[in-house]
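**Student:** Structure below; questions to follow.
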Amino acid sequence: MGEKKVMLEKHKDIARIDQETKRTHGWYVRVRFYGKTYSKFFSDRKCGGRYSSLLSALAWRDKTEADLGKVRTDRHVVTVSNSKTGVVGVRLNKKLSRYEVSWVTPEGRQGKTSVSIHRHGNEKAFTMACEIRKIKEAERLSAG
């Protein structure tokens, strides 16, 4: 007797839903970008089976991300800033008169640096901090 191979690979932004009581079986895709959520459900029955519905879900996720301009990666990407600067990973430390930059390294560690407002002036320090963050995020997303 042959064994049936089950795909257990995880796919970013895609969740399996098997709800027997409602006879709901399929894949739920949720793409978040700049504070907005785009979602769609792919039914096994409508798509022709579990594997076909997964392929449809993957294709929809990838196309939606491309249409939005979101980088296709399986790594976590933050697009909404919690800091008052409005830039993810860049915050103003008024007490120390500097912009603090933080990021996640390709190895998954925390990276940090700062840019002095006293030395560079507010505008230039902010621009430099944003550029550092952009470079570090690109390094993380391009790694592996």
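Nothing in this text is a laboratory measurement; each read-out follows from the coordinates by a stated rule. Everything numeric here is computed off the predicted structure, so don't read it as measured data. Heads up, the Cβs are rebuilt from the backbone with ideal geometry, glycines too, and the neighbour counts pull from every protein chain shown.
**Student:** Which angle between 0 and 90 degrees, to the nearest 10, do you get for helix 122-142 versus the longest principal axis of the chain when only C-alpha atoms count?
**Tutor:** Helix 122-142 sits roughly 30 degrees off the main axis of the chain.
**Student:** How about Lys84: which lysines have a C-alpha closer than 16 Å to its C-alpha, ignoring those fewer than 8 places off in the same chain?
**Tutor:** Within reach: Lys94, Lys95.
**Student:** Would you mind finding the longest exposed-site-free stretch of the chain, with exposed GluC sites (Glu not before Pro) meaning DSSP loop and at most 10 other Cβ atoms within 10 Å?
**Tutor:** Free of exposed loop sites, the longest segment is 10-106.
**Student:** Using Cβ counts within 10 Å as a stand-in for footprinting exposure, how do Tyr38, Tyr99 rank, fewest first?
**Tutor:** Tyr38, Tyr99
**Student:** Another question, if that's okay. Take the Cα coordinates of the range 11-144, assign each an equal point scatterer, and use the Debye formula without solvent to give log10 I(q)/I(0) at q = 0.14, 0.18, 0.20 Å⁻¹.
**Tutor:** -0.74, -0.98, -1.10
**Student:** While we're looking at this one, here's another question. Assuming 0.36 nm per residue, please report the length gained on full extension of the stretch Thr24 to Val87 beyond their Cα-Cα distance.
**Tutor:** 18.7 nm
**Student:** Follow-up question, since we're still on this one. Relative to the longest principal axis of the C-alpha atoms of the chain, give the angle of the C-alpha long axis of helix 50-68, reported between 0 and 90° and rounded to the nearest 10°.
**Tutor:** Rounded to the nearest ten degrees, it is 30.
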